[in-house]
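Here's the structure, in structure tokens; my notes come after.
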Amino acid sequence: MAQKNFPKSRGFTVFLIMSFFLASFPGTIHPCQTIDVTPNTRIEIHDVVLVNYTLWIEENIVDDQQGPIYVEDPDVIEKVGVPESIIEEFPNVFAPPNLGFVEGILGMRAGEETNHRINWITGKAFNDPNDTYYGENLFYQIRIKKILLDASQPTPTLMDIPFFVPLVVLLGLLIIFLIILRIQRYSRTHNLFGLKKKCYYCGKIANVMCGNPGCTTPYCKPCFLENNGCDLCHSNTMIPLK
Ligand SMILES: [Zn+2]
Ligand SMILES: [Zn+2]
């Protein structure tokens with residue numbers, strides 16, 4: 001195997017350079033995306049939802065709110081906050097009051113209403129002794145006015161695999177590169193495009209020529225040896241053909 005010929009190493013260098021550029025091409029990096037809200041869109045974690053709710057404790061309305069809520073476990077929000085990107089897009093966004101509230105709205109659609117009861121002992125109401133409604137059983141009337149941001153993952157496609165397109169392109173290039181190599185190798189022993197010189201005697205691809213500088217008639221080596229040299233000038237030196 002003639003692995004170290006010049007065209008191959010040059011081809012391989014070109015291949016590496018192209019790979020590098022393709023792999024680092026910024027347009028191929030899959031962006032974080034949200035999908036369109038339809039009437040069938042259901043609330044999921046990390047959505048932003050415009051809600052209207054009333055909180056009852058026993059016979060009294062104690063709270064009445066309207067606005068965009070970031071759907072996330074309030075404990076998580078307390079630890080890491082609402083993501084910057086959400087605040088930028090919805091400056092008046094607020095955190096859900098408690099985990100029970102979040103669980104109560106998951107799966108709802110825009111326009112739907114629910115009455116949601118949260119018993120304090122479940123640990124999903126107000127758990128902090130400093131909370132105004134600590135220890136209370138809660139009753140929410142919630143109306144989902146609109147799903148403002150559906151952050152659910154769209155059904156993944158092949159295009160979502162990171163670097164899928166460059167990978168396919170690279171594979172294509174690799175295959176083309178291998179085909180070119182094969183053609184190169186094949187053409188060494190076959191007269192692929194009729195470009196090679198043929199033996200003066202037998203017509204096969206010549207691999208030597210007459211060593212007489214004024215003659216240089218092509219021969220295959222066996223013919224040249226068998227016939228004791230060049231038929232035309234009778235020189236018996238031969239030079240390998242490239
Ligand atoms: Zn021959
Ligand atoms: Zn000759």
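The values are calculated or read from the model by the stated rules, or taken from the named source; none is laboratory data. Just so you know, these numbers come straight off a predicted model, no measurement behind them. Using ideal geometry, Cβ is built from the backbone for each residue, glycine included, and neighbour counts are taken over all protein chains shown.
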| request: Examine the range 183-190 for a residue that is farther than 30 Å from residue 67 by Cβ and either within 16 Å of ligand 1 (Cβ to nearest atom) or at pLDDT 90 or above (or both), and state whether such a residue exists. | output: yes
| query | Can you pull out the helices (runs of 4 or more DSSP H) entirely within the range 43-105 that have at least 3 residues that are in contact with a Phe, Trp or Tyr (Cβ under 9 Å, 6 or more places away or on another chain)? | reply | 99-105
| query | Quick one: which strands (runs of 3 or more DSSP E) sit completely within the range 130-242 and have at least 3 residues that are of a type outside the set (Lys, Arg) and touching a residue at least 60 places away in the same chain (Cβ under 8 Å)? | reply | 138-149
| message | For the range 201-217, give me each residue that is within 21 Å of residue 187 (Cβ to Cβ) and near ligand 2 (Cβ under 10 Å from one of its atoms). | response | 209
| task | Kindly establish whether residue 198 is within 14 Å of ligand 1 (Cβ to nearest atom) and among the charged types (D, E, K, R). | result | yes
| said: If I filter the range 219-242 down to residues being near ligand 1 (Cβ under 9 Å from one of its atoms) and within 58 Å of the chain's Cα centre (by Cα), which single residue comes out as farthest from residue 188 (Cα to Cα)? | reply: 222
| note | Taking the range 178-229 and keeping only residues that are of a type in the set (A, V, I, L, M, F, W, C) and surrounded by fewer than 16 Cβ atoms within 10 Å (Cβ to Cβ), one is left with 178, 179, 180, 181, 183, 192, 193, 195, 202, 215, 225
| Do the conditions hold for residue 207, that is, is it outside the structural domain of residue 15 (by TED's automatic domain parsing) and more than 12 Å from ligand 1 (Cβ to nearest atom)? | no
